[in-house]
Every structure is written in C-alpha cells, then in structure tokens.
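Heads up, the thing below is written out as structure tokens.
The values are calculated or read from the model by the stated rules, or taken from the named source; none is laboratory data. What you see is a predicted model; the values in this text were computed from it and never measured. Note that each Cβ is placed from the backbone with ideal geometry, even for glycine, and that neighbours are counted across all protein chains shown. All accessible areas refer to the heavy atoms of the entire protein, side chains included, with ligands and DNA or RNA removed. Shrake-Rupley method; radii C 1.70, N 1.55, O 1.52, S 1.80 Å.
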Amino acid sequence: GDPMKRTDDGFYFIKQMSNGDHKVLVDPVFAKDLAERVTDPANPSIIGPIIAHVSNPDTKFTYIAMVNCLRHQGKYFKQYDLKGCADDKLILHDGQPVPAVHKRVWSCHIHMGCGGEARKTYKQGKIEALYNPHLPSTKEHKELLCAAIEKDCEWLKERNLMDYSLIVGVVDKAENEEYDVRDVRPDDPLYAGKPLVSVDPDGKTHVLYVGIIDFLQKWTAGKTAAKAIKSLEHNKATIKPAPYAARFVEHFEHVLLAVNGDIEAQKEKRDNRQLGHRCYPLVRR
C-alpha cells in the first residue's frame, strides 16, 4: 500500500495518496458529500473520516490525514482486513503480526508446497478471516453496524467506488483488567472506530473496533481489464461497484455474531451460507 504513519497519540494516520485516490478526493462535490455522510446524525456511518488533504509543492506528493479506526494502543487479540471475498486476511493474532506470504504466479516454491510455516499460517489466517472471523458484538450493535454498512455501501456504489475494506480490531479483555476504551464520542450510538463492548455468556468482555477504509477506488477501464485478467479466480475483489456493495452488505450480516443471542444458530446460518461461496476449504474449529 501507500506509505503511512500513525500519530503518536494513535488517533490519526497520515497517508501518501495514489494519483487515482487524489483525483477522487480533489473533487469539491465529492469532498462535501463525504463530510456530510460521515457526520449524518440520522444515519450513522462507519466510513473512516478524512480530516485533511494536502500537497507537498517540493515532492508533488499528496497526503491525507485520516481518523484511525483502531485507536486502542494496547494489545489486540485480532486484527482483520475484510472485503467479504478471497482477499480477506488476518493481519494480527494475539498481538503478533501475521506476515503476508502471497502465492504469486512466479512463486514456484509455494506452488510446489514449499512455502513453510509462514505460508501455512498466512493461508489459515485468510481462511479464518473469510469464513469465521472473531467479530463479537451484541444484538443492538450488530443491528447498528449492519444498517450503517448498508447505508455506506449504497453511498459508495452511487459514486462508482469499490475495493474498500472493513478494518477490524478485537480486544478480548482479561478478567479484572482495567481498560480505557477511548470512546471519543460517547453520546453517539455509532461512528468509525467506536469501541463496541460486549460480554459473552462465559462472562468474557470483548471490545470491537471497525471502520470502512480505502474507499477512494473508482471503477475504471483499468479495473475492467483487471477483472478480465482475473476471470478464472473465484470470489475476488475486482468486481463492479453494485455487486461489490451487495456482497459486502450480505457478508457482514452473516459473519457479525451477537454474543447475547443464539451463537450456535448464528454460526450454522453463517456456515450454510458460505457453502456456495467457498474459494478455500472451509476449516471448522
């Protein structure tokens, strides 16, 4: 991805923009619409707000300052980058990064099964991320999240945008552990990065952070060509904005689990739905 740096307080990221992303954001109508969407009190959004867009006259590079949706600065149990397709990945497990070991056409050793433990761990993480990610919430939070995702995806589809992700961080709080959830807008029911606290039937506390990021990708002629090249690959990210949005909405309706509901029934519904969407063998744990 593009170079990125987190501020010391953990609240923001400074990110160098690609030319394509810059062209989308430099449109004043789009910028105004985005500001209105992420601040709409009647229809909460989980799109990660962009608070500044600047250019360096010497280097000609452009940058954005954006809200960090994962503000917790302590240990995360899980972090995911999710799109509802084969590009989903586990990026952190039990506080440790999961290095990406891609299977490229030229990676002969991986095609021969010689990727080692790192490749095995990465692939198992991708399977988990797509089929059974650890996304604990309450019934109330799940309802809010699904409504926000549907509204956000409709907004993105109308602007011909796709390839966005749901960035997710999960903190599983130890018993009697003191924990600052850093809720900067406690009166708002939902926003990008709001800590969503749930307690499962075993009394374990979970804190879920989510936000939609990387949402400035337009569907272009280049994307059409990429889709054609990847035509033999199953369930990939490079599809038109309308089906991308529909898949995104449907996926998270199934994989978000309410810990104060019937967990087994929710898992069965999730797994049955996945049977027609598999691009990896389904691993049950």
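Go through the range 159-178 and give me each residue that's open to solvent by less than 40 Å² (accessible area, probe 1.4 Å) and not polar (S, T, N, Q).
L161, M162, D163, Y164, L166, I167, V168, G169, V170, V171, D172
Among the residues of the range 128-143, count how many are touching a residue at least 24 places away in the same chain (Cβ under 8 Å) and surrounded by fewer than 18 Cβ atoms within 10 Å (Cβ to Cβ).
Qualifying residue count, the range 128-143: 1.
Can you give me the number of residues within the range 84-101 that are modelled with pLDDT of 95 or more, within 23 Å of V181 (Cα to Cα) and open to solvent by less than 40 Å² (accessible area, probe 1.4 Å)?
Within the range 84-101, residues that are modelled with pLDDT of 95 or more, within 23 Å of V181 (Cα to Cα) and open to solvent by less than 40 Å² (accessible area, probe 1.4 Å) number 2.
Of everything in the range 139-191, what is under 24 Å from D202 (Cα atoms), among the small types (G, A, S) and in contact with a strand residue (DSSP E or B) (Cβ under 6 Å, 6 or more places away or on another chain)? Give them in sequence order.
Correct list: G169 only.
In this structure, is K269 of a type outside the set (D, E), at pLDDT below 90 and over 15 Å from the mean Cα position of the chain (by Cα)?
Spelling it out, K269 is indeed of a type outside the set (D, E), at pLDDT below 90 and over 15 Å from the mean Cα position of the chain (by Cα).
Determine whether K151 is among the basic types (K, R), surrounded by fewer than 21 Cβ atoms within 10 Å (Cβ to Cβ) and at pLDDT 95 or above.
yes
Tell me the strands (runs of 3 or more DSSP E) entirely within the range 1-83 that contain at least 1 residues that are free of Cβ contacts under 8 Å to residues at least 60 places away in the same chain and crowded, with 17+ Cβ neighbours inside 10 Å.
Because the criterion is at least 1 residues that are free of Cβ contacts under 8 Å to residues at least 60 places away in the same chain and crowded, with 17+ Cβ neighbours inside 10 Å, the strands (runs of 3 or more DSSP E) in the range 1-83 that meet it are 12-16, 50-55, 62-67.
Suppose we filter the range 221-244 for residues that are open to solvent by 80 Å² or more (accessible area, probe 1.4 Å), more than 20 Å from the chain's Cα centre (by Cα) and either closer than 21 Å to E158 by Cβ or modelled with pLDDT of 85 or more (or both); how many remain?
2
Report, by residue number, each residue of the range 191-216 that is among the β-branched types (V, I, T) and either more than 30 Å from N19 (Cβ to Cβ) or over 12 Å from the mean Cα position of the chain (by Cα) (or both).
Matches in the range 191-216: V197, V199, T205, V207.
Restrict the check to the range 102-125 and report whether at least one residue is modelled with pLDDT of 95 or more, open to solvent by less than 80 Å² (accessible area, probe 1.4 Å) and either within 18 Å of L196 (Cβ to Cβ) or of a type in the set (A, V, I, L, M, F, W, C) (or both).
Within the range 102-125, none of the residues are modelled with pLDDT of 95 or more, open to solvent by less than 80 Å² (accessible area, probe 1.4 Å) and either within 18 Å of L196 (Cβ to Cβ) or of a type in the set (A, V, I, L, M, F, W, C) (or both).
Could you identify the single residue in R71, R37 that is modelled with pLDDT of 95 or more and among the charged types (D, E, K, R)?
Sole residue among the options that is modelled with pLDDT of 95 or more and among the charged types (D, E, K, R): R37.
How many residues, within the range 190-202, are out of contact with any Asp or Glu (no Cβ under 8 Å at 6 or more places or on another chain) and either open to solvent by less than 30 Å² (accessible area, probe 1.4 Å) or part of a loop (DSSP other than H, G, I, E, B) (or both)? Before the answer, list the steps.
Let us first name the residues in the range 190-202 that are out of contact with any Asp or Glu (no Cβ under 8 Å at 6 or more places or on another chain), namely 190-193, 196-202.
Pick out the ones that are also either open to solvent by less than 30 Å² (accessible area, probe 1.4 Å) or part of a loop (DSSP other than H, G, I, E, B) (or both) and you get 190-193, 196, 198, 200-202.
Number satisfying all stated conditions: 9.
On the basis of being β-branched (V, I, T) and either surrounded by fewer than 18 Cβ atoms within 10 Å (Cβ to Cβ) or at pLDDT below 95 (or both), does V181 make the cut?
yes
How many residues does the range 147-179 hold that are touching a residue at least 60 places away in the same chain (Cβ under 8 Å) and either among the hydroxyl-bearing types (S, T, Y) or assigned to a loop (DSSP other than H, G, I, E, B) (or both)?
Here the count works out to 6.
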